[in-house]
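For reference, the structure is listed below as structure tokens.
Since every read-out is calculated from the coordinates, none of them should be taken as a lab result. The structure presented is a predicted model; accordingly, all values stated were derived computationally and were not measured. Note that each Cβ is placed from the backbone with ideal geometry, even for glycine, and that neighbours are counted across all protein chains shown.
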Amino acid sequence: MKDSQITVLIVEDSPVVREFLNHVLTKAGIKVIGVVSDGEEAVRFVQRTRPDVITMDIYMPMLNGIDATRRIMETNPVPIVIVSGNWDPREIEMTFRAMEAGAVALVRRPQGIGHPDHEATAAELVQNVRLMSEVKVVRRWPRNRMQRTEAVNTPRSTPVSFADSVRVVAIGASTGGPPVLQTILQQIAPSFPAPVLIVQHMAAGFLPGMVEWLNNTSGIPIKIAARGETALAGHAYVAPDGYHMGVDQSGMILLAQVLPENGARPSVSYLFRSAAASFGRNAVGILLTGMGRDGAAELKVLKDKGAVTIAQNKESSVIYGMPAVAAELDAALYVLSPEQIASALAAMTIGEGHD
């Protein structure tokens, strides 16, 4: 899609921020077709005119960004990018509730003109809007109807065969990853037989809020990993901002600030390579939605070591990049939806799905 064809609705209660976002997007050649100050106006606008992308604030009068996102996704679905300028973990946690409601990306508000980080943060917003303009979103059913549908359609088990002794589960995700991680982690019980190590590509500053949000629904404790701690079974550890994460044969977490891989630090490739070296066939590697190829070749390394490897399927991926490359490399033993991945891992807890 050409930039001139991308149309955007800006939803933001601050007049100054509205004007600023309009300036950043139009300067990049993106057409802003509407600027509104609250969620109610956004819902009405989308009923009349459908933009390619919506940039959404969270805290607004009349109707906040979470409820506005939910209503838009239930009636006239449009890719929604949450733009946050607040770094308080409790308040950032609220932005992830909007992703739970159907928003597809989360990006920090660009720094002001004249700030040394203005160009980089403005480019980050523009890149997200361009990418999300090509995402195919589907209608979200109201929560009570969705729960009834899932109860009927979600399989109780998935025929995934694991090794007798899984020592670690390594998961990599990028764009669209947080809601998928939520789906997976809420199905894992405290008796899960291995630690779960997670690399989620995300702008700096959002990670504590994401972990807090995931902990609200997860079946196991989730924390940001610390160097030298032992990864415990039935616990999940997320790589911290700016650090690669690995694990040694004793289960000790390793953090490193060496050069980025595939443009990312933390890198999924680093985590998968470490899991393969330390645990081989007793590891599980899972590659979720995201742009690029981070982790795809290393998922193949895991597979060649005898580990169980899983890639998210195309239909459920916000961006079918990393798992698509894994499929091209024949790196995944299984290609599954988030619900099927959750079901497969849950089966490990109750003793199903083993050789």
(request) Two decimals is fine: what's Rg over Rh for the stretch 239-355, C-alpha atoms, Kirkwood radius as Rh? (result) 0.96
(request) Kindly provide the Kirkwood hydrodynamic radius of the stretch 50-111 in Å, to one decimal, from all pairs of distinct alpha carbon atoms. (result) 11.6
(request) With the Cα gyration tensor of the stretch 203-246 in hand, convert its eigenvalues to equivalent ellipsoid semi-axes via √(5λ) and list them largest first in whole Å. (result) 17, 16, 6
(message) As I understand it, the dipole of the stretch 1-148 uses +1 on the Cβ of Lys and Arg and -1 on the Cβ of Asp and Glu, about the Cα centre. Which of Thr26, Met62, Ile72 lies farthest toward its positive end?
(response) Ile72
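Expressed in nm², what is the orientationally averaged projection area of the convex hull enclosing the Cα positions of the chain?
Value for the chain: 17.0 nm².
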(request) Can you pull the one-decimal nm distance between simple spin-label points at Arg44 and Glu212, each 7 Å off the Cα toward Cβ? (result) 3.3
(request) Please list 212-222, 187-197 highest first by mean number of surrounding beta-carbon atoms within 10 Å per residue. (result) 187-197, 212-222
(request) At a temperature of 25 °C and a viscosity of 0.890 mPa s, determine how fast the stretch 225-273 diffuses translationally according to Stokes-Einstein, using the Kirkwood radius over alpha-carbon pairs as Rh; express D in µm²/s, rounded to the nearest whole number. (result) 225
(request) Quick one: order Met202, Met62, Met210 by neighbouring beta-carbon count within 10 Å, fewest to most. (result) Met62, Met202, Met210
(request) Only Lys, Arg, Asp and Glu count, each charged at its Cβ (+1, +1, -1, -1), so figure out the dipole size of the chain about its Cα centre, rounded to 20 debye. (result) 580
(message) Can you find, among Pro110, Val36, Val138, the residue sitting farthest towards the positive end of the charge dipole of the chain, where Lys and Arg contribute +1 and Asp and Glu -1 at Cβ?
(response) Val138
(message) Once you keep just the Cα pairs under 8 angstrom separated by 6 or more residues, what percentage relative contact order results for the chain?
(response) 14
(request) Label the stretch 159-349 by shape, choosing from rounded, prolate and oblate, from the square roots a ≥ b ≥ c of the eigenvalues of the Cα gyration tensor; if a/c is under 1.5 it is rounded, and otherwise prolate applies when a/b is larger than b/c, oblate when it is not. (result) rounded
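Compute the relative contact order of the stretch 159-349 as a whole-number percentage, counting only Cα pairs closer than 8 Å that sit 6 or more residues apart in sequence.
Dividing the mean separation by the residue count of the stretch 159-349 yields 25 percent.
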(request) Scan the stretch 267-355 for GluC sites (Glu not before Pro) in coil per DSSP, keeping those whose Cβ has at most 15 other Cβ atoms within 10 Å, and list them by number. (result) Glu315
(request) Specify the longest stretch of the chain that does not include any exposed loop site, a site being one of the trypsin sites (Lys or Arg not before Pro) with a non-H, G, I, E, B DSSP assignment and at most 11 other Cβ atoms within 10 Å. (result) 157-355
(message) Give me P(r) over the stretch 22-87, computed from all C-alpha to C-alpha distances, binned every 10 Å, as integer percentages.
(response) 21, 55, 23, 1
(message) Below 14 angstrom from the Cβ of Met245, what's the summed charge of the other residues (Lys, Arg +1; Asp, Glu -1)?
(response) -2
(message) From the helices alone, meaning DSSP H stretches of at least four residues, give me the mean residue ellipticity at 222 nm for the chain, per-run term -39500 (n - 2.57), in deg cm²/dmol to the nearest 500.
(response) -11500 deg cm²/dmol
(message) Give me the percent relative contact order of the stretch 217-329, please, defined on Cα pairs under 8 angstrom at least 6 residues apart.
(response) 19
(request) Can you give me the P(r) profile for the stretch 3-132? Cα pairs, bins 5 angstrom wide beginning at 0, each as a whole percent. (result) 2, 12, 23, 26, 22, 11, 3, 1, 0
(request) Place a +1 charge on the Cβ of each Lys and Arg in the stretch 3-132 and a -1 charge on the Cβ of each Asp and Glu, then give the dipole magnitude about the Cα centre in debye, rounded to the nearest 20. (result) 360
(request) Report the residue, chosen from His201, His244, His23, that carries the largest GNM mean-square fluctuation when the chain is represented by alpha-carbon nodes joined by springs under 10 Å. (result) His23
(request) Arrange Thr289, Thr349, Thr26 by Cβ neighbour counts within 10 Å, fewest through most, would you? (result) Thr26, Thr349, Thr289
(message) Just want the answer: with Cβ charges of +1 for Lys and Arg and -1 for Asp and Glu, which residue in Asn262, Leu302, Ala347 is farthest toward the dipole's positive end in the stretch 159-349?
(response) Leu302
(request) Determine which residues of the stretch 230-250 fall in the zone a paramagnetic label at Asp117 would reach in this model, i.e. backbone nitrogen under 16 Å from the point 7 Å along Cα→Cβ. (result) 241-243
(request) Please arrange Leu232, Leu181, Leu302 by counting, for each residue, the other beta carbons lying within 10 Å of its beta carbon, fewest first. (result) Leu232, Leu181, Leu302
